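What follows is a single structure, written as structure tokens, with notes after it.
The values are calculated or read from the model by the stated rules, or taken from the named source; none is laboratory data. Since we're looking at a predicted model, the values are computed, not measured. Here Cβ is always computed from backbone atoms with ideal geometry, including for glycine, and neighbour counts include all displayed protein chains. Note: accessible area is taken over every heavy atom of the protein model, side chains too, but ligands, DNA and RNA are not part of it. Shrake-Rupley method; radii C 1.70, N 1.55, O 1.52, S 1.80 Å.
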Amino acid sequence: MDFLTIAEIFEDMQKTRSRLILIDHLVILFKTTPVNIIKQVIYLLQGKLSLAYEGVELGLGEKLTIKAIAESSGRSVKEVEDKYGIVGDLGETAKEIAKFKYQKTLLSEQITVERVFLTFEKIAKSTGSLSQIIKLRLVSSLLNDATPLESKYIIKFLLGTLRLGIAEYSIIDALSIASTGNKINRKKIEETYNVYTDLGTIAEILFKKNLEGLNELQITPLKPIRPMLAERITDPTEALKKTNGAIACEFKLDGERVQIHKDGSEIQLFSRSLEKITNHYPDIVEVIKKYQIHKCILEAEIVSFDLESKKIQPFQELMHRKRKHNINDVLLKYPVKVFLFDILYLEGDNLTKYEYTKRRKILESIVSENKHNTIALVNQIVSSKLNQIENFFRKAKEAGCEGLMLKQLDSKYRAGAREFLWMKLKKEYDNRIGDSLDLTVIGALLGKGKRTGYYGALLLAVYDKNSDTFQSVCKVGTGFSDRDLELIYNELKNYVVEEKYYNVNSSMKMDIWFNPKLVLEIRASEITISPSHTAAYGIIRKNFGLALRFPKYSRKIRFDKKPEDSTTSSELIELYKRQVKQNKF
Ligand code: ATP
């Protein structure tokens, strides 16, 4: 398959603002892609070389890319840099320069998707002292044979700036239509995806076999599964009403959710958004290695922990573990503790089909004593009595937890689902919403005075699943320390776009717009009707949206959440209705 076909479809996708048209493009792409490369094409769409959690890095910097563009076009590095200064994007620069190539090899080879992929793989694999030279040769020989449009997408992919903004939901919809002719089959595809999060393999099976073929993709150690999520409640009586008697109450720890996978001597840790985070916690890997279990998948919350006082430390302390280098230096300084709360797989047995009570028993039977008790079971009681639950809630708060997780005793593990089988009780006494919100940054105002050089206020959005858009809900300018301002600025500068991003829905005037990527945790005093924000527009009142009053950054960047995992417009509506109900009493 020619790479040009893909480049042209990517170009059309970048121009479209409609999710439906985007899906049409994807359907055409999937139908024209030969089955032997469908897997690669899916990964390409996701901006990756292989599965996201494999974390294969191309490791190409701007400098080297500029050199490669210069070498392949016969221009000087200075000329390329000047052009880049004007155009502002290296992919576009490569395209513009390729239009006027000084030297074009006479017998240039046709660029196929296979060739592009092979070259990308070689680039990723080349390490050592000569790697920079090898990478330079590989990129420039590819560019040498590429058309201007192909050059643009090769460079964008290599630099990791290929931001097509395609949500997984859209890929799943398009796969369903392209492989079965009907969107209705998306349900089966999504169910498979919940337990086998590799859309490349799913697509390959769909086109090689059929929908039934997906049955062979089952929960497997070392393949992360989508986490089960909880609904919010603000009062434990709500939880008791949902059950016939007792309910399991667990401490809700404020740390990082982790899936621990063990397959023989191989151990991998995955975050809530299924990124590999094994490197952040080598100390935990060591403890798990000693477990007398061959294969398992465990779920836990990792918290920062003070060994002397035996107290849980604030969430921010975990940030020290995100270092790419010298992680060993921080291990002793910032110890962590793992609190296991679920087990999903054990020695060939898929435990997600069992009820909570049975899973908890199995979990209790395998947690053994370990040095410093680095791994423990999450505190739990089973109760049907309101006062007992309230007492346990207070204990959780005293221990530095956010509140409680309430879990129905007969609930199976429903990967990827957010239902009342699990409920979270946080109760924020200082606000009427009862919870914090996770919002995506879509725009910013430039800072003035003390904040010159950073952003002064950020425009934040909820995610609307139906339209696959980000709808503005508040501007936030408080709660930031100087360090936070710098950190957030450095994160956001990677996502600046020239104009409002195609899937951003806002009528605000901002200095800067972003590709919606970064998720922040925000607290606010209440939700109000708003004439200027577009969140849940027209649903509560005609021509009005919903907005947050007195929003404040709660000092958490949610690196573990994708933008599509932000608080949704439907959740916002639910929270608003709940607030109105409470105000009546
Ligand atoms: P959500 O995961 O619901 O989208 P979130 O990531 O913001 O939202 P919370 O609203 O804080 O998380 O609540 C759920 C999270 O609580 C889980 O994803 C997990 O990280 C954490 N957690 C802490 N303790 C437990 C526990 N005992 N059982 C399950 N999850 C727990």
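Figures for the structure shown
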read-out	value
Boolean, LYS152 is closer than 25 Å to VAL496 by Cβ, basic (Lys, Arg), in contact with a helix residue (DSSP H, G or I) (Cβ under 9 Å, 6 or more places away or on another chain) and not assigned by TED's automatic domain parsing to the domain that holds ASN503	yes
Meets criteria (assigned by TED's automatic domain parsing to the domain that holds TYR489, part of a loop (DSSP other than H, G, I, E, B) and either modelled with pLDDT of 95 or more or touching a helix residue (DSSP H, G or I) at 6+ places or on another chain (Cβ under 7 Å) (or both)) for ILE539	yes
Flag if TYR354 is in contact with a His (Cβ under 8 Å, 6 or more places away or on another chain) and open to solvent by 20 Å² or more (accessible area, probe 1.4 Å)	no
Selection count where residues are in contact with a helix residue (DSSP H, G or I) (Cβ under 6 Å, 6 or more places away or on another chain), at pLDDT 85 or above and surrounded by fewer than 23 Cβ atoms within 10 Å (Cβ to Cβ), scope segment 155-170	1
Enumeration of residues in segment 183-204 that are of a type outside the set (Phe, Trp, Tyr), open to solvent by less than 40 Å² (accessible area, probe 1.4 Å) and under 18 Å from LEU229 (Cα atoms)	THR192, ASN194, VAL195, THR197
Cβ-Cβ under 7 Å pairs, at least 6 apart or on other chains, segment 371-393 side within 13 Å of the ligand (Cβ to nearest atom), far side acidic (Asp, Glu) and open to solvent by 60 Å² or more (accessible area, probe 1.4 Å)	LEU377/GLU364
Qualifying helices (runs of 4 or more DSSP H) (wholly inside segment 124-211; at least 3 residues being within 24 Å of the chain's Cα centre (by Cα) and within 27 Å of PHE514 (Cβ to Cβ))	148-159, 168-180
From GLY456, GLY477, GLY434, GLY447, residue being within 16 Å of the ligand (Cβ to nearest atom), farther than 17 Å from ASN515 by Cα and either polar (S, T, N, Q) or in contact with a helix residue (DSSP H, G or I) (Cβ under 9 Å, 6 or more places away or on another chain) (or both)	GLY434
Among the residues listed as VAL330, VAL336, the single one being hydrophobic (A, V, I, L, M, F, W, C), open to solvent by less than 60 Å² (accessible area, probe 1.4 Å), free of Cβ contacts under 8 Å to residues at least 24 places away in the same chain and more than 13 Å from the ligand (Cβ to nearest atom)	VAL330
Pair list, Cβ under 6 Å, 6 or more apart: segment 546-567 residue farther than 23 Å from ASN503 by Cα, other residue open to solvent by 10 Å² or more (accessible area, probe 1.4 Å) and of a type in the set (Asp, Glu)	ARG549/GLU526
Check on LEU269, within 30 Å of VAL382 (Cβ to Cβ) and open to solvent by 10 Å² or more (accessible area, probe 1.4 Å)	no
Matching residues, segment 405-423, being in a strand (DSSP E or B), within 12 Å of the ligand (Cβ to nearest atom) and surrounded by 17 or more Cβ atoms within 10 Å (Cβ to Cβ)	MET405, LEU406, LYS407, LEU421, TRP422, MET423
Which numbered condition GLU364 misses (of (1) within 16 Å of the ligand (Cβ to nearest atom); (2) surrounded by fewer than 17 Cβ atoms within 10 Å (Cβ to Cβ); (3) at pLDDT 95 or above; (4) assigned to a helix (DSSP H, G or I))	(3)
Residue selected from segment 205-236 under the condition within 16 Å of the ligand (Cβ to nearest atom), under 21 Å from ARG414 (Cα atoms) and touching a helix residue (DSSP H, G or I) at 6+ places or on another chain (Cβ under 8 Å), by the criterion most open to solvent (accessible area, probe 1.4 Å)	ARG226
Among (1) over 16 Å from ALA7 (Cβ atoms); (2) open to solvent by 60 Å² or more (accessible area, probe 1.4 Å); (3) modelled with pLDDT under 85 - the single one GLU121 does not satisfy	(3)
